[in-house]
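K.L.:
Pasting a structure below so you can have a look.
The values are calculated or read from the model by the stated rules, or taken from the named source; none is laboratory data. None of these values were measured; they are calculated from a predicted model. Neighbour counts are summed over all protein chains in view; Cβ atoms, including those assigned to glycine, are modelled from backbone coordinates with ideal geometry.
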Amino acid sequence: MMGEIIPRIPLAAWIDAFLNWLTGAIAGVTRAIAALMRVGIGRLEDGLLWPPEWVIVILIGLLGWKFGGRKVALGSALGMVFIWNLGLWEPTMSTIALVVLATLIAMLLGLPIGILGGLYETVYQILRPILDFMQTMPAFVYLIPAIPFFGLGAVSALFSTVIFSIPPVIRLTSLGIRQIDRELIEASDAFGSTTMQKLIKVQIPLAKPTIMAGVNQTIMLALSMVVIAAMIGAGGLGGEVWRAIQRLRPGQGFEAGLAVVVVAMILDRITQKIGAAGKAA
Amino acid sequence: MEATIPSTGESAQVAAEPEQAKVKISIQNVYKIFGKTPEKARELLEQGMDKDEILDATGQVVGVADASFDVHEGETVVVMGLSGSGKSTLLRCVNRLIEPTFGKIYIDDQDITELSVDELRALRREKFGMVFQSFALFPHKTVAENAAYGLEIQGVDRDTRYQKAEEALALVGLKGWGSYYPENLSGGMKQRVGLARALAVEPDVLLMDEAFSALDPLIRTDMQDELLSLETQVQKTILFITHDLDEALKMGDRIVLMKDGGIEQIGTAEEILTQPATEYVAKFVANVDVTKVLTAEDVMKKPQPVAFAKDGPRTALRKMQEAGLSGIFVVKQSNWELLGHVTAERAVEAAKKADKWLDEITSRDECATVPPDEPVRNIFPLVAENNNPVAVMDEEHRLRGIVVRGSVLAALAEREGGDTQ
């Protein structure tokens, strides 16, 4: 019906044309970045795989102990031993490497953007629809354009993971800064703080619990996206799940899925406690 | 940039600024209008429209309308009004936390409305300490770090700023609390930290925004007394905002009474109470407990007659008989230093024993004394439980006057002017 009166908007064609043009224009650069990052990801994976498994188990246990206490330490260590026992150590390390890198990049980009959004109303108003768009767009869609820019594999996975997981850290950083009691900002101003002093001595410390909640969510989203990114050859635990689907092996699929759950719980508990520790200090 | 801005007709300001210390803060025809076309709102204000009418007509909110007054060095001026009267907005105009829309504000003859961002920051660091209604302590900093905040952002080195913070904390009675976090403190203690933070930077001017309004009544009274006593120690110029008339009357050397952004009256507590400039002020002060405001000085009578130290008992008795008194105050004739009180009975005994001097029968114990600035409220019980009048004695122990039961009531009746309370 619609098509008879108003011609169909060729949105898909436009987007393809735009992406084609963009690929042509910057693919050289993105491929170079991809090559560089592939080395980085490889190094990190190698680094995680180089020490004997029990060293990593103990290290993760210690991290859990530092930020979460004895219970988290014990749970984390046991979880890692469980994964080791399932024989999923290698894909787990490659998944963790991707999640860590994606989270670092997301924070590196997201924190400053979030701070700007927290400080300036205009920035916040511009950010909001973009963030809504990024979060509601089905995650798979990001995978498609990533390939022409970065090629199949871990770098494309990283790229789409960063895009998918960055909204919470931006949103909650902005929110954390905007939520600060007006009188506290006035107090800071009244004593003659510079914008930078106010930000570093008052706004960021006070927003820290909210910012850390955002970081925690970003890590969780990154993990879920890294698993999905197995479809474009990211490997890791997602790759194991993907293989199990293709060969119709539910047992294998569940094993790999359980390993993802264990990694998720460890990352969640540890980063949540970092946020709570920030609150107490 | 207009030379003069005509004042709104309704603000009748009592010109009661005694020639004293130099002007520290001068607020001149300050307006704060929240909206896009403030000129229009000002025009309407000048035509006599009020705040609500302007909101209806233009959608703009009048925060402050043509406020002008000076604060002298060392003076405490209380700006008082109900919520929405513009008092907090006006206070924030003084350090430009809120930008005044029109008008000039001078601090030490410097027009602060013209300052650049950097100059303004320097001014805030140098001249102002601010205390907030809900304390505004930084919850992530310890009490000492809070008190040292102003010095920290000035770049004062660590040792010096903690030493000064510790001194400021000691000044407000919080010695030894430096390592606690604000959440461990009671409301009163929190506001002491707020006060210490403001005092630590050694500001010329203290801006106090409803500083005690969030405190329990008893603690509030304590804090008021403490600020009054601090004032004598540190000699600050204070601009104090409150919605509580009792607090205004107690704290203020002068009071600026605001309504709907405009100033209704400026004057001392006495002037506001006894000569209200507008009906609004009169209504406002109608329910004031005058016994808190009037002092011994206001209600005392001349101590006539008195006996002098060199008088004999018979002279004293004769003076009592002539005035129909049952007792008499004894003073040194040279300087009216109060020596004590003699009752008629004891004078008769002494006369019988033929004592020559009054000294031996003069008693300091049985005469109650109060300083001239003692509120009448506190004199009531003394007058009630003493048969003898209460002596009003100044710092040099001189007898300034006496307060008898009748004089308190008479003074009150006179002030009330037939108003029932």
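K.L.:
Only one of A:Ile170, A:Ile147 is away from chain B (no Cβ under 14 Å) and surrounded by 19 or more Cβ atoms within 10 Å (Cβ to Cβ); which? Even if it seems obvious, please write down each step before you answer.
P.N.:
Details: A:Ile147 fails: surrounded by 19 or more Cβ atoms within 10 Å (Cβ to Cβ).
Exactly one residue qualifies, and that residue is A:Ile170.
K.L.:
Mind listing whichever residues of the range A:55-103 are of a type in the set (Lys, Arg) and more than 23 Å from the chain's Cα centre (by Cα)? Show your work before the answer.
P.N.:
Within the range A:55-103, the subset of a type in the set (Lys, Arg) is A:66, A:70-71.
The answer is A:Arg70, A:Lys71.
K.L.:
For the subset of the range B:99-121 comprising residues that are hydroxyl-bearing (Ser, Thr, Tyr) and away from chain A (no Cβ under 14 Å), which member is surrounded by the most Cβ atoms within 10 Å (Cβ to Cβ)?
P.N.:
Pass one, the range B:99-121, residues hydroxyl-bearing (Ser, Thr, Tyr): B:101, B:106, B:113, B:116.
Next cut, away from chain A (no Cβ under 14 Å) only: B:101, B:106, B:113.
On the way: B:Thr101: 21, B:Tyr106: 16, B:Thr113: 17.
Among residues in the range B:99-121 that are hydroxyl-bearing (Ser, Thr, Tyr) and away from chain A (no Cβ under 14 Å), the one surrounded by the most Cβ atoms within 10 Å (Cβ to Cβ) is B:Thr101.
K.L.:
Quick check on the range A:224-238. Is at least one of its residues in a helix (DSSP H, G or I) and within 14 Å of another protein chain (Cβ to nearest Cβ)?
P.N.:
At the first step, the residues of the range A:224-238 found to be in a helix (DSSP H, G or I) are A:224-232, A:236-238.
Filter again for within 14 Å of another protein chain (Cβ to nearest Cβ), leaving none.
Within the range A:224-238 (the criterion being in a helix (DSSP H, G or I) and within 14 Å of another protein chain (Cβ to nearest Cβ)), the answer is no, since none of the residues qualifies.
K.L.:
Additional query: Just wondering, is there one or more residues in the range B:80-88 that are within 14 Å of chain A (Cβ to nearest Cβ), within 30 Å of B:Val285 (Cβ to Cβ) and in a helix (DSSP H, G or I)?
P.N.:
Filtering the range B:80-88 for residues within 14 Å of chain A (Cβ to nearest Cβ) gives B:88.
After this cut, where a residue has to be within 30 Å of B:Val285 (Cβ to Cβ) as well, the list is B:88.
If we keep only those that are in a helix (DSSP H, G or I) too, we end up with B:88.
Yes; the residues of the range B:80-88 include at least one that is within 14 Å of chain A (Cβ to nearest Cβ), within 30 Å of B:Val285 (Cβ to Cβ) and in a helix (DSSP H, G or I).
K.L.:
Let me ask another. For the range A:10-29, name all the residues that are loosely packed, with under 11 Cβ neighbours inside 10 Å and part of a helix (DSSP H, G or I).
P.N.:
Let us first name the residues in the range A:10-29 that are loosely packed, with under 11 Cβ neighbours inside 10 Å, namely A:10-14, A:21, A:24-25, A:28-29.
Passing the criteria: A:Leu11, A:Ala12, A:Ala13, A:Trp14, A:Trp21, A:Gly24, A:Ala25, A:Gly28, A:Val29.
Listed here are the residues, each with its yes/no results for (1) crowded, with 23+ Cβ neighbours inside 10 Å; (2) more than 10 Å from chain B (Cβ to nearest Cβ); (3) without any contact (Cβ under 8 Å) to a residue 60 or more places away in the chain; (4) not hydrophobic (A, V, I, L, M, F, W, C).
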| residue | (1), (2), (3), (4) |
| --- | --- |
| A:Leu175 | no, yes, yes, no |
| A:Gln179 | no, yes, yes, yes |
| A:Arg182 | no, no, yes, yes |
| A:Gln197 | no, no, yes, yes |
| A:Lys201 | no, no, yes, yes |
| A:Ala207 | yes, yes, no, no |
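K.L.:
Another question about this same structure. Scan the range B:352-381 for residues that are at pLDDT 80 or above, within 24 Å of B:Gly324 (Cβ to Cβ), not in a loop (DSSP other than H, G, I, E, B) and not β-branched (Val, Ile, Thr) and jot them down.
P.N.:
Residue satisfying the conditions is B:Lys352 alone.
K.L.:
Give the residues of the range A:91-127 that are surrounded by fewer than 16 Cβ atoms within 10 Å (Cβ to Cβ) and under 23 Å from A:Gly253 (Cβ atoms), sorted by residue number.
P.N.:
Selection gives nothing.
K.L.:
What do you reckon, is A:Leu258 more than 30 Å from B:Arg124 (Cβ to Cβ) and not in a helix (DSSP H, G or I)? Outline the logic, then answer.
P.N.:
Numbers: more than 30 Å from B:Arg124 (Cβ to Cβ): yes; not in a helix (DSSP H, G or I): no.
Considered against the rule, which asks whether it is more than 30 Å from B:Arg124 (Cβ to Cβ) and not in a helix (DSSP H, G or I), A:Leu258 comes out as no.
K.L.:
Here's something else I'd like to know. Take the residues of the range B:122-167 that are under 17 Å from A:Ile185 (Cβ atoms), small (Gly, Ala, Ser) and assigned to a loop (DSSP other than H, G, I, E, B): which is nearest to the other protein chains (Cβ to nearest Cβ)?
P.N.:
The selected residue is B:Ala136.
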